[in-house]
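Visitor: Following this message is one structure expressed as structure tokens.
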Amino acid sequence: MHGRVMTSRSGRMDESPTVIFDHNLYYYPSGSKTAKWSYNQQDFASFEEYVQATGNDQHSRFADPRFVDAALNNFHLQASSPARNGGENLGSQVVGDEDLDGRHRLAEAKIDIGCYETSF
């Protein structure tokens, strides 16, 4: 995402219900105030303004996920990642039983945000 403006868009495209977001980790290298946010066809100047106005992402954070090496496509989490145990355990039918490495996702009360469950 370097050099581009991050935009989060959600909302009604027809008469279907609006999607509700929560327990996510967002990141843009230039910070949350340089990212553009849009929800239900309304624009917001920052992540914080979007959360306050929409009520979405009440448990979400805007922070560097601290991947092991994103440049080499290694999206495993470092031990200090804010994504560790940051997800919501919605059961195996929603998140699946295993991560992309085949590790058990639901070993703890909380799961990691992302596609890999960290085990240290």
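The values are calculated or read from the model by the stated rules, or taken from the named source; none is laboratory data. On a predicted model such as this, the values are computed, not experimentally measured, just so you know. Neighbour counts run over all protein chains shown; Cβ positions are idealised from the backbone, glycine included. For the accessible areas, the whole protein counts, side chains as well, though only heavy atoms, and no ligand, DNA or RNA atoms are used. Shrake-Rupley method; radii C 1.70, N 1.55, O 1.52, S 1.80 Å.
Visitor: Specify the residue that is surrounded by the most Cβ atoms within 10 Å (Cβ to Cβ); the eligible residues are those in region 79-104 that are at pLDDT 85 or above and among the hydroxyl-bearing types (Ser, Thr, Tyr).
Guide: Ser81
Visitor: Further question on the same structure: From the list Arg9, Arg4, pick out the single residue that is open to solvent by 60 Å² or more (accessible area, probe 1.4 Å), in a strand (DSSP E or B), modelled with pLDDT under 85 and charged (D, E, K, R). Walk me through it before giving the result.
Guide: Details: Arg4 fails: in a strand (DSSP E or B).
Unique residue meeting the criteria: Arg9.
Visitor: Follow-up question, since we're still on this one. Just to be sure, is Phe47 at pLDDT below 85, aromatic (Phe, Trp, Tyr) and surrounded by 13 or more Cβ atoms within 10 Å (Cβ to Cβ)?
Guide: On the way: at pLDDT below 85: no; aromatic (Phe, Trp, Tyr): yes; surrounded by 13 or more Cβ atoms within 10 Å (Cβ to Cβ): yes.
So Phe47 fails the test.
Visitor: If a residue must be open to solvent by 60 Å² or more (accessible area, probe 1.4 Å) and polar (S, T, N, Q), how many such residues does region 50-78 contain?
Guide: Of all residues in region 50-78, those open to solvent by 60 Å² or more (accessible area, probe 1.4 Å) come to 52-53, 58-59, 61, 64, 66-68, 71-73, 75, 78.
Narrowing the set further to residues that are polar (S, T, N, Q) leaves 52, 58, 73, 78.
Matching residues across region 50-78 total 4.
Visitor: Restricting to region 105-120, what's the tally of residues that are at pLDDT 80 or above, exposed (fewer than 14 other Cβ atoms within 10 Å of the Cβ) and farther than 19 Å from Asp22 by Cα? Explain how you work it out, then say what you get.
Guide: Taking region 105-120 and keeping what is at pLDDT 80 or above, we get 105, 111-118.
With exposed (fewer than 14 other Cβ atoms within 10 Å of the Cβ) added as a condition, the list becomes 115.
After this cut, where a residue has to be farther than 19 Å from Asp22 by Cα as well, the list is none.
So the answer is 0.
Visitor: Follow-up. I'd like to verify a number: residues in region 21-44 that are of a type in the set (A, V, I, L, M, F, W, C) and modelled with pLDDT under 90, how many? First the steps, then the outcome.
Guide: Going through region 21-44, the residues of a type in the set (A, V, I, L, M, F, W, C) turn out to be 21, 25, 35, 37, 44.
Going one step further and asking which of them are modelled with pLDDT under 90, we end up with 21, 35, 37.
Matching residues across region 21-44 total 3.
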